[in-house]
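What follows is a short report on a single structure.
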Amino acid sequence: MLLKRKAYGSLLKWKTECKGTKAILIEGARRIGKSTVCKEFGKNEYKSCLLIDFARAGTNIREYFENYLNDLDTFFMLLSTAYGQRLYERESLIIFDEVQMYPKAREAIKYLVADGRYDYIETGSLISIRENVKDIVIPSEERRLKMHPLDFEEFAWSMGEDILIEYMKRCFEKREIPEREMHNKAMLLFKQYMLVGGMPKSVVLYLENKKDFEAADREKRDILELYRSDIMKINAQYKSRVISIFDQIPGLLSQHEKRVIFKRVGEGSYADQYEDTFFWLADSMIANECFLCNDPNVGLSVNETRTYIKCYMGDTGLLVSHAFDENELLESEVYKQILEGRLALNEGMLYENVIAQMLAANGHKLYFYTHYDVGSHRNDIEIDFLLSNNSKLKYKMYPVEVKSGNRYTTKSLLKFREKYHSRIGESYIIHPKNMSIKDGIICIPPYMTICL
């Protein structure tokens, strides 16, 4: 079963715009469907497609890169023969799959693109990890594309709900309240997305097994074990800290403040010890980082504080399987609780994580904001996410509060709006209820996060 992916459209745009002058590097976590979309693209858009999987390529293939880059006629003849695939000038695609397993092939892109005969796609995870780039020159002839698990819109497509998504987008744009029946339908779809997540094989198993959560869960547990195996292969001193944070992500997100309190992670721990840890988790795209922005007046990235961090799981379906063992999922009726909208479970841990996932898939870098009131000895303003229009001349920020229940207050958001009113574009509350506008705040159901 093939799933419709937005990355396919990005590849079409690259092919049209670059016309062989740049390769494209698709990076993302393991098992998110990079190879599948590339193979489908090569089959549909080119006369022939040759895929080199460096996780399986023999020493002879690597020797071609070592010995024949100065003689490209022989190089391509050997590749064509080895893979039994004829190559046609300007009509063939060569895919370097799992290129992080052989960085020399990535370095060779400079010469292959300059030759101009064929188009090149590279795919990989852990692309920027230091041990994978330390001995090579990164080619400038590379366009980069980040690929995520299926976002909510792609999940809806897989469920045959294209028309529902278009309807919700129109409602958001026109600020019209969706019909109750349509809202309920979209909310049920969203809850399924939280439980299944966006890992392609999990989605396929869910659909092929007549919406069986357990079939999807088994695949997700295999993926979590694969991620643990990748972490155990880290050849650096911070390996133990990476596995520690990875194992603690559900616990960290179940806390009220959600951010990492380092003294709770380990006795005597402090933020600087974990810089490489969070870099690895974020760069592998297993996790989404969210940093504190303590002065959002002049831009978010300028004032980020990297010692204050939230660490969200890159896929919320994986978080469900990570947080609960198989028996607990059934005995605690986790599926039932979520489907019935009783998300008091772990204080909305899954709810905030899925919003972070949807924002990251839309290309947003994640920031949060807190303000400590000395008089009351507590945080009097807490904003879950800050978005920006990234404009240098007409900078605007968009505060986003996430509410997993139907009852909540807007005090924090109103205080924030008062403090930074001149810099705020629109303010959003994401809640389980239907769309509404009150006190100048746009309250949207979670499925409309794709519109931000």
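The values are calculated or read from the model by the stated rules, or taken from the named source; none is laboratory data. Values in this document were obtained by computation on a predicted structure and should not be read as measured data. Every residue, glycine as well, gets a Cβ built from its backbone with ideal geometry; the counts of neighbours run over all protein chains shown. Calculation scope for accessible area: heavy atoms of the full protein, side chains included, ligands and nucleic acids excluded. Shrake-Rupley method; radii C 1.70, N 1.55, O 1.52, S 1.80 Å.
What number of residues within the stretch 315-326 satisfy the criterion of being touching a residue at least 40 places away in the same chain (Cβ under 8 Å) and open to solvent by 10 Å² or more (accessible area, probe 1.4 Å)? Of the residues in that region, 3 qualify.
Could you tell me whether any residue of the stretch 111-130 is of a type in the set (Phe, Trp, Tyr), crowded, with 17+ Cβ neighbours inside 10 Å and over 28 Å from residue 17 (Cα atoms)? Can you show your working first?
Our first condition is that a residue be of a type in the set (Phe, Trp, Tyr); within the stretch 111-130, this holds for 111, 118, 120.
From what's left, crowded, with 17+ Cβ neighbours inside 10 Å: 118, 120.
Next, only the ones that are over 28 Å from residue 17 (Cα atoms) stay: none.
So far as the stretch 111-130 goes, no, none of its residues is of a type in the set (Phe, Trp, Tyr), crowded, with 17+ Cβ neighbours inside 10 Å and over 28 Å from residue 17 (Cα atoms).
Here residue 106 clears all of (1) in a loop (DSSP other than H, G, I, E, B); (2) in contact with a strand residue (DSSP E or B) (Cβ under 9 Å, 6 or more places away or on another chain) except the condition numbered (1). Does any residue in the stretch 267-287 that is part of a loop (DSSP other than H, G, I, E, B) and of a type in the set (Val, Ile, Thr) come within less than 9 Å, Cβ to Cβ, of a residue that is at pLDDT below 90 and open to solvent by 30 Å² or more (accessible area, probe 1.4 Å) six or more places away or on a different chain, and which pairs are these? That search, which allows pairs on different chains as well, returns nothing. When the strands (runs of 3 or more DSSP E) confined to the stretch 366-452 are screened for residues that are surrounded by 14 or more Cβ atoms within 10 Å (Cβ to Cβ), those reaching at least 3 such residues are found at 366-373, 378-383, 385-388, 397-402, 427-430, 441-444. Contact map, the stretch 40-60: residues that are closer than 18 Å to residue 81 by Cβ paired with residues that are polar (S, T, N, Q) and loosely packed, with under 15 Cβ neighbours inside 10 Å, Cβ distance under 7 Å, separation 6+ or inter-chain. Pairs shown: 48/85; 50/85. On the stretch given as the stretch 149-186, residues that are within 19 Å of residue 198 (Cα to Cα), in a loop (DSSP other than H, G, I, E, B) and either open to solvent by less than 50 Å² (accessible area, probe 1.4 Å) or among the basic types (Lys, Arg) (or both) total 5. Summed over the stretch 231-250, the residues that are open to solvent by less than 40 Å² (accessible area, probe 1.4 Å) and under 15 Å from residue 322 (Cβ atoms) give a count of 8. Do the conditions hold for residue 349, that is, is it farther than 19 Å from residue 309 by Cβ, hydrophobic (A, V, I, L, M, F, W, C) and surrounded by 14 or more Cβ atoms within 10 Å (Cβ to Cβ)? Criteria not met by residue 349.
Among the residues of the stretch 352-365, count how many are open to solvent by less than 30 Å² (accessible area, probe 1.4 Å) and either among the small types (Gly, Ala, Ser) or within 16 Å of residue 424 (Cβ to Cβ) (or both). Walk me through it before giving the result.
Of the stretch 352-365, the ones open to solvent by less than 30 Å² (accessible area, probe 1.4 Å) are 352-360.
Then drop every residue that is not either among the small types (Gly, Ala, Ser) or within 16 Å of residue 424 (Cβ to Cβ) (or both), which leaves 356, 360.
Result for the stretch 352-365: 2.
Considering each residue of the stretch 194-212, count those that are touching a helix residue (DSSP H, G or I) at 6+ places or on another chain (Cβ under 9 Å) and either surrounded by fewer than 20 Cβ atoms within 10 Å (Cβ to Cβ) or of a type in the set (S, T, N, Q) (or both), and give that number.
8
Is at least one residue of the stretch 220-227 under 22 Å from the mean Cα position of the chain (by Cα) and in a strand (DSSP E or B)? Scanning the stretch 220-227, I find no residue that is under 22 Å from the mean Cα position of the chain (by Cα) and in a strand (DSSP E or B), so the answer is no.
If you filter the stretch 288-312 down to residues that are open to solvent by less than 60 Å² (accessible area, probe 1.4 Å) and either on the phi > 0 side of the Ramachandran plot or in a helix (DSSP H, G or I) (or both), you find that the one that is modelled with the highest pLDDT is 296.
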